[in-house]
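The values are calculated or read from the model by the stated rules, or taken from the named source; none is laboratory data. Because the structure is a prediction, the values reported are computed rather than measured. Virtual Cβ from ideal backbone geometry, glycine too; neighbours counted across all protein chains shown.
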């Protein structure tokens, strides 16, 4: 058999469309597209908590009280590789009524103003996101039972400074031990400190610092963090535990991170957000860049601009502008204390500088 062209020549021409065999679409559906819907009708909500793939989201915040509602939402398929954490501002579509059995869908996350992270240890580059959009960190330690650990507090401070979050410190159980010696380690830092005896929480003072802020609470297990949260937020019902008399370690009580609204007393109007986190015994900083720690000490960072390239800024660093300023008496006592604090924090990253 031969194919003839219009002139009758025995030549092979291109096949026309009628010669093309096409497989039918067995499902008779439209082909998939990479274009995603814009979801222009999405509502913006605050993620209050995460539990086994379901997200508790507050909608209508800042509007009329009757418009505010809490819903349950799932993650959209296109966000399966995007971490969604407590504190995120989420775009939600679907059933956002908040009625029993309703389920919305999170289709996007707004840009975060801050991101608090930790790693398993200092060599682990895989970061665990703890909370988004917090602007304060309240570090809770006990004066005794369990004993306070300066290095753990240092790690909290480093994580806060790296994330651009203002740190605060509360010392509980001061009726059991005097925290003065412990607090000397942090004299050079711009750090507001609250002290609390057992059963005498400085709730009003701490509450004033929470108004208008989103504050993440962190601390070693057994230091009284959940007790403080329950005192600040009546009805929070966060589980509290005790310290093992043999090991001196606290028992993990809070098992998840959750956002709770703090409402100030009537005579002091205002509100804020308390973000309670599970107690931890270690806080890896493998994700932190040491330069971000120096940037948090603004007046020292300005002096450090005169340091040679690659300067470690440690006490034994040669030609370090910070050490030279300290030797010349240009820093004064407060500046010297802050330099000591900076160098102690940087020592954590001696192998990364």
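Observations, loosely collected:
- Of all residues in the range 59-70, one or more are buried (at least 19 other Cβ atoms within 10 Å of the Cβ), at pLDDT 95 or above and more than 20 Å from residue 116 (Cα to Cα).
- Selection within the range 223-238: residues that are assigned to a loop (DSSP other than H, G, I, E, B) and touching a helix residue (DSSP H, G or I) at 6+ places or on another chain (Cβ under 6 Å). The member of this set that is modelled with the lowest pLDDT is 238.
- Being touching a residue at least 24 places away in the same chain (Cβ under 8 Å), under 16 Å from residue 217 (Cα atoms) and in a strand (DSSP E or B) holds for only one residue in 116, 152, 161, and it is 116.
- Considering residues of the range 300-322 that are under 16 Å from residue 345 (Cβ atoms) and touching a residue at least 12 places away in the same chain (Cβ under 8 Å) only, the residue farthest from the chain's Cα centre (by Cα): 320
- Scanning the range 245-262 for residues that are buried (at least 17 other Cβ atoms within 10 Å of the Cβ) and over 19 Å from residue 114 (Cβ atoms), we see that the one that is modelled with the highest pLDDT is 254.
- For the range 191-211, the tally of residues that are exposed (fewer than 13 other Cβ atoms within 10 Å of the Cβ) and not in a helix (DSSP H, G or I) stands at 2.
- For the range 94-107, the criterion of being surrounded by 10 or more Cβ atoms within 10 Å (Cβ to Cβ), at pLDDT below 90 and farther than 28 Å from residue 287 by Cβ is met by no residue.
- Residues of the range 263-289 that are crowded, with 19+ Cβ neighbours inside 10 Å and out of contact with any strand residue (DSSP E or B) (no Cβ under 8 Å at 6 or more places or on another chain): 288 alone.
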